[in-house]
Amino acid sequence: MDEELVEQDVPTVGERLRAAREKQKLNLEDIAAQTRIPQRHLESIESGDWEKLPAPTYTIGFAKSYASAVGLDRSEIGDQLREEMGGQRFTSTQSEVFEPADPARTMPKWLVIGAVVAVILLVVVMSALNRRSLDQSEEPTSNQQSPVASASAQQRAAPAPAPAAAAAAQGPVVLTATAPAWIEVTDQGKTLFQGELQPGQSFAVPPTATAPLLKAGKPEALQVKVGAAVAPPVGPAGKVVSKVSLLPPDLMRGGAQPAPAPAPAAPVTQ
(Lines give C-alpha, C1' and ligand atoms only; values in the text may rest on other atoms or scores of the structure.)
Protein backbone atom coordinates (compact mmCIF):
# COMPACT_ATOMS: atom_id res chain seq x y z
CA MET A 1 0.00 0.00 0.00
CA ASP A 2 1.45 3.26 -1.14
CA GLU A 3 1.81 5.85 1.52
CA GLU A 4 0.21 9.11 0.63
CA LEU A 5 2.09 12.24 1.52
CA VAL A 6 -0.21 14.90 2.77
CA GLU A 7 1.17 18.27 2.17
CA GLN A 8 0.07 20.90 4.59
CA ASP A 9 -0.61 24.37 3.26
CA VAL A 10 2.28 26.59 4.36
CA PRO A 11 1.56 30.30 4.26
CA THR A 12 3.76 32.25 1.86
CA VAL A 13 6.19 34.94 2.92
CA GLY A 14 3.75 37.61 1.80
CA GLU A 15 0.92 36.06 3.79
CA ARG A 16 3.08 35.75 6.92
CA LEU A 17 4.23 39.35 6.65
CA ARG A 18 0.69 40.62 6.05
CA ALA A 19 -0.70 38.63 9.00
CA ALA A 20 2.03 39.91 11.34
CA ARG A 21 1.43 43.48 10.16
CA GLU A 22 -2.34 43.29 10.64
CA LYS A 23 -1.83 41.70 14.04
CA GLN A 24 0.08 44.80 15.10
CA LYS A 25 -2.57 47.02 13.48
CA LEU A 26 -0.11 48.58 11.07
CA ASN A 27 -0.66 49.54 7.47
CA LEU A 28 1.78 49.52 4.59
CA GLU A 29 2.39 53.25 4.96
CA ASP A 30 3.66 52.65 8.51
CA ILE A 31 6.02 49.89 7.33
CA ALA A 32 7.26 52.04 4.42
CA ALA A 33 8.00 54.94 6.75
CA GLN A 34 9.80 52.68 9.24
CA THR A 35 11.89 50.69 6.74
CA ARG A 36 12.22 53.39 4.03
CA ILE A 37 11.14 50.81 1.44
CA PRO A 38 8.82 52.06 -1.33
CA GLN A 39 5.26 51.06 -0.57
CA ARG A 40 4.79 49.55 -4.04
CA HIS A 41 7.55 47.03 -3.30
CA LEU A 42 5.92 46.09 0.00
CA GLU A 43 2.63 45.46 -1.82
CA SER A 44 4.40 43.26 -4.40
CA ILE A 45 6.07 41.22 -1.63
CA GLU A 46 2.75 40.58 0.11
CA SER A 47 1.06 39.56 -3.17
CA GLY A 48 4.06 37.55 -4.41
CA ASP A 49 4.25 39.55 -7.63
CA TRP A 50 7.98 39.02 -8.27
CA GLU A 51 7.92 40.61 -11.71
CA LYS A 52 7.26 44.01 -10.19
CA LEU A 53 10.17 43.68 -7.77
CA PRO A 54 13.84 44.42 -8.42
CA ALA A 55 16.57 41.77 -8.46
CA PRO A 56 16.11 38.82 -6.05
CA THR A 57 18.96 40.00 -3.85
CA TYR A 58 17.23 43.32 -3.24
CA THR A 59 13.85 41.67 -2.78
CA ILE A 60 15.19 39.36 -0.06
CA GLY A 61 16.72 42.35 1.71
CA PHE A 62 13.37 44.15 1.60
CA ALA A 63 11.59 41.11 3.01
CA LYS A 64 14.08 40.80 5.88
CA SER A 65 13.60 44.44 6.81
CA TYR A 66 9.83 43.99 6.62
CA ALA A 67 10.13 40.94 8.91
CA SER A 68 12.15 42.89 11.48
CA ALA A 69 9.52 45.65 11.49
CA VAL A 70 6.71 43.23 12.34
CA GLY A 71 8.65 40.99 14.74
CA LEU A 72 9.36 37.93 12.52
CA ASP A 73 12.64 36.02 12.15
CA ARG A 74 14.70 37.72 9.45
CA SER A 75 16.74 34.67 8.48
CA GLU A 76 13.72 32.38 8.31
CA ILE A 77 11.82 34.82 6.08
CA GLY A 78 14.86 35.19 3.83
CA ASP A 79 15.32 31.43 3.40
CA GLN A 80 11.63 30.86 2.71
CA LEU A 81 11.57 33.66 0.15
CA ARG A 82 14.53 32.13 -1.70
CA GLU A 83 12.63 28.85 -2.00
CA GLU A 84 9.49 30.60 -3.21
CA MET A 85 11.48 32.50 -5.83
CA GLY A 86 13.02 29.30 -7.24
CA GLY A 87 15.52 28.15 -4.63
CA GLN A 88 18.22 30.50 -5.90
CA ARG A 89 21.32 30.94 -3.80
CA PHE A 90 23.45 34.04 -3.99
CA THR A 91 27.16 34.34 -3.33
CA SER A 92 26.98 37.87 -2.04
CA THR A 93 28.80 38.24 1.27
CA GLN A 94 26.60 41.05 2.40
CA SER A 95 24.00 40.09 4.93
CA GLU A 96 21.77 43.04 4.07
CA VAL A 97 21.30 44.37 0.54
CA PHE A 98 18.90 47.18 -0.14
CA GLU A 99 17.69 48.82 -3.28
CA PRO A 100 19.27 52.14 -4.11
CA ALA A 101 17.29 55.18 -3.15
CA ASP A 102 14.01 55.46 -4.92
CA PRO A 103 14.43 57.94 -7.80
CA ALA A 104 11.06 59.42 -6.91
CA ARG A 105 12.44 60.38 -3.48
CA THR A 106 15.77 61.81 -4.64
CA MET A 107 16.35 65.42 -5.61
CA PRO A 108 16.21 66.17 -9.34
CA LYS A 109 19.58 66.62 -10.99
CA TRP A 110 18.74 70.13 -12.13
CA LEU A 111 17.94 71.12 -8.55
CA VAL A 112 21.29 69.77 -7.28
CA ILE A 113 23.20 71.62 -10.02
CA GLY A 114 21.27 74.81 -9.30
CA ALA A 115 22.11 74.58 -5.59
CA VAL A 116 25.81 74.14 -6.34
CA VAL A 117 25.82 77.14 -8.69
CA ALA A 118 23.99 79.24 -6.08
CA VAL A 119 26.59 78.38 -3.43
CA ILE A 120 29.44 79.33 -5.78
CA LEU A 121 27.78 82.66 -6.63
CA LEU A 122 27.23 83.36 -2.93
CA VAL A 123 30.92 82.77 -2.17
CA VAL A 124 31.97 85.08 -5.03
CA VAL A 125 29.61 87.85 -3.89
CA MET A 126 30.72 87.61 -0.24
CA SER A 127 34.38 87.76 -1.29
CA ALA A 128 33.74 90.87 -3.39
CA LEU A 129 31.89 92.58 -0.53
CA ASN A 130 34.68 91.79 1.94
CA ARG A 131 37.30 93.14 -0.46
CA ARG A 132 35.28 96.31 -0.98
CA SER A 133 34.85 96.88 2.77
CA LEU A 134 38.59 96.48 3.30
CA ASP A 135 39.34 99.03 0.57
CA GLN A 136 36.92 101.51 2.11
CA SER A 137 38.42 101.06 5.58
CA GLU A 138 41.91 101.82 4.25
CA GLU A 139 40.89 105.08 2.54
CA PRO A 140 40.06 107.06 5.75
CA THR A 141 43.41 106.01 7.21
CA SER A 142 45.30 107.46 4.28
CA ASN A 143 43.13 110.58 4.38
CA GLN A 144 43.81 111.03 8.10
CA GLN A 145 47.54 110.81 7.56
CA SER A 146 47.57 113.54 4.93
CA PRO A 147 46.73 116.47 7.29
CA VAL A 148 49.38 115.27 9.76
CA ALA A 149 51.99 115.12 7.04
CA SER A 150 50.99 118.53 5.70
CA ALA A 151 51.08 120.01 9.20
CA SER A 152 54.58 118.62 9.72
CA ALA A 153 55.65 120.03 6.38
CA GLN A 154 54.24 123.44 7.32
CA GLN A 155 56.09 123.36 10.62
CA ARG A 156 59.35 122.53 8.85
CA ALA A 157 58.72 125.24 6.26
CA ALA A 158 57.83 127.91 8.82
CA PRO A 159 60.65 130.42 8.99
CA ALA A 160 62.46 130.84 12.28
CA PRO A 161 62.17 134.19 14.03
CA ALA A 162 64.61 136.68 12.71
CA PRO A 163 67.64 137.22 14.99
CA ALA A 164 66.90 140.91 15.13
CA ALA A 165 63.37 140.27 16.44
CA ALA A 166 64.68 137.78 19.02
CA ALA A 167 67.26 140.24 20.22
CA ALA A 168 64.67 143.03 20.34
CA ALA A 169 62.30 141.03 22.62
CA GLN A 170 62.78 142.35 26.12
CA GLY A 171 60.83 142.33 29.32
CA PRO A 172 60.08 139.97 32.19
CA VAL A 173 59.81 136.25 31.45
CA VAL A 174 56.51 134.84 32.76
CA LEU A 175 55.51 131.16 32.72
CA THR A 176 51.71 130.60 32.78
CA ALA A 177 50.08 127.15 33.10
CA THR A 178 47.25 126.31 30.71
CA ALA A 179 46.88 122.91 32.41
CA PRO A 180 48.40 121.37 35.54
CA ALA A 181 52.14 121.51 34.91
CA TRP A 182 55.12 120.64 37.08
CA ILE A 183 58.15 122.91 36.59
CA GLU A 184 61.53 123.60 38.14
CA VAL A 185 63.45 126.85 37.56
CA THR A 186 67.08 127.09 38.62
CA ASP A 187 69.81 129.71 38.26
CA GLN A 188 73.40 128.54 38.43
CA GLY A 189 72.45 125.57 40.62
CA LYS A 190 70.10 127.53 42.87
CA THR A 191 66.42 126.54 42.80
CA LEU A 192 64.18 129.52 42.17
CA PHE A 193 60.90 127.57 41.96
CA GLN A 194 59.84 123.95 42.10
CA GLY A 195 56.26 122.72 42.10
CA GLU A 196 53.07 122.31 40.12
CA LEU A 197 51.31 125.24 38.55
CA GLN A 198 47.55 125.01 38.30
CA PRO A 199 45.75 126.37 35.23
CA GLY A 200 46.01 130.17 35.28
CA GLN A 201 48.90 130.30 37.79
CA SER A 202 52.10 132.01 36.72
CA PHE A 203 55.72 132.28 37.73
CA ALA A 204 57.85 135.27 36.80
CA VAL A 205 61.57 134.70 36.42
CA PRO A 206 63.44 137.18 38.66
CA PRO A 207 65.15 139.86 36.57
CA THR A 208 68.30 139.29 38.61
CA ALA A 209 68.70 135.71 37.31
CA THR A 210 71.75 135.49 35.07
CA ALA A 211 71.32 132.02 33.53
CA PRO A 212 67.85 130.68 34.42
CA LEU A 213 67.07 127.12 33.28
CA LEU A 214 63.72 125.36 33.05
CA LYS A 215 62.74 121.73 33.58
CA ALA A 216 59.12 120.92 32.69
CA GLY A 217 57.13 117.70 32.77
CA LYS A 218 54.52 118.92 30.27
CA PRO A 219 55.94 121.62 28.00
CA GLU A 220 52.67 121.80 26.08
CA ALA A 221 50.90 123.00 29.27
CA LEU A 222 53.03 126.17 29.52
CA GLN A 223 52.69 129.54 27.85
CA VAL A 224 55.87 131.59 28.00
CA LYS A 225 55.82 135.34 27.47
CA VAL A 226 58.74 137.70 27.08
CA GLY A 227 57.20 141.01 27.90
CA ALA A 228 54.13 141.17 25.67
CA ALA A 229 55.46 138.68 23.11
CA VAL A 230 54.52 135.02 23.26
CA ALA A 231 57.56 132.76 22.89
CA PRO A 232 57.55 129.54 20.88
CA PRO A 233 56.91 126.24 22.74
CA VAL A 234 59.73 125.28 25.06
CA GLY A 235 59.66 121.62 23.99
CA PRO A 236 57.74 118.88 22.20
CA ALA A 237 54.43 117.72 23.67
CA GLY A 238 54.46 114.64 25.86
CA LYS A 239 58.19 114.77 26.65
CA VAL A 240 60.05 116.02 29.71
CA VAL A 241 62.42 118.86 28.84
CA SER A 242 65.28 120.12 30.94
CA LYS A 243 68.00 122.75 30.81
CA VAL A 244 65.88 125.08 28.69
CA SER A 245 67.28 128.58 28.75
CA LEU A 246 64.83 131.20 30.00
CA LEU A 247 66.83 134.16 28.74
CA PRO A 248 64.64 136.29 26.43
CA PRO A 249 66.81 135.90 23.27
CA ASP A 250 66.98 132.12 23.71
CA LEU A 251 63.24 131.82 24.31
CA MET A 252 62.39 133.80 21.20
CA ARG A 253 64.71 131.58 19.15
CA GLY A 254 62.82 128.49 20.34
CA GLY A 255 63.71 128.06 23.99
CA ALA A 256 64.99 124.50 23.50
CA GLN A 257 68.63 125.49 23.48
CA PRO A 258 70.29 125.49 26.91
CA ALA A 259 72.18 128.53 28.02
CA PRO A 260 75.75 128.34 26.75
CA ALA A 261 78.25 127.32 29.38
CA PRO A 262 81.08 129.78 30.02
CA ALA A 263 84.17 129.04 27.96
CA PRO A 264 87.00 127.48 29.93
CA ALA A 265 89.89 129.77 30.73
CA ALA A 266 92.89 129.41 28.48
CA PRO A 267 95.86 127.78 30.21
CA VAL A 268 98.63 130.17 31.28
CA THR A 269 101.90 129.44 29.59
CA GLN A 270 105.18 130.52 31.11
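Details
- Selected residue (criterion: most open to solvent (accessible area, probe 1.4 Å)) from residues of the range 227-243 that are in contact with a helix residue (DSSP H, G or I) (Cβ under 9 Å, 6 or more places away or on another chain), farther than 14 Å from VAL173 by Cα and not β-branched (Val, Ile, Thr): LYS239
- The range 14-51, subset at pLDDT below 90 and open to solvent by less than 60 Å² (accessible area, probe 1.4 Å), residue nearest to TYR66 (Cα to Cα): GLY14
- Residue match in the range 177-199 (condition: part of a strand (DSSP E or B), of a type in the set (Val, Ile, Thr) and open to solvent by less than 20 Å² (accessible area, probe 1.4 Å)): yes
- Filtering the range 212-226 to residues that are within 18 Å of GLN170 (Cα to Cα) and either β-branched (Val, Ile, Thr) or open to solvent by 30 Å² or more (accessible area, probe 1.4 Å) (or both) leaves LEU213, GLN223, VAL224, LYS225, VAL226.
The values are calculated or read from the model by the stated rules, or taken from the named source; none is laboratory data. Model, not experiment: these values are computed from the prediction. All Cβ positions, glycine included, derive from the backbone under ideal geometry; neighbour counts span all protein chains shown. Note: areas computed on protein heavy atoms with side chains; ligands, DNA, RNA excluded. Shrake-Rupley method; radii C 1.70, N 1.55, O 1.52, S 1.80 Å.
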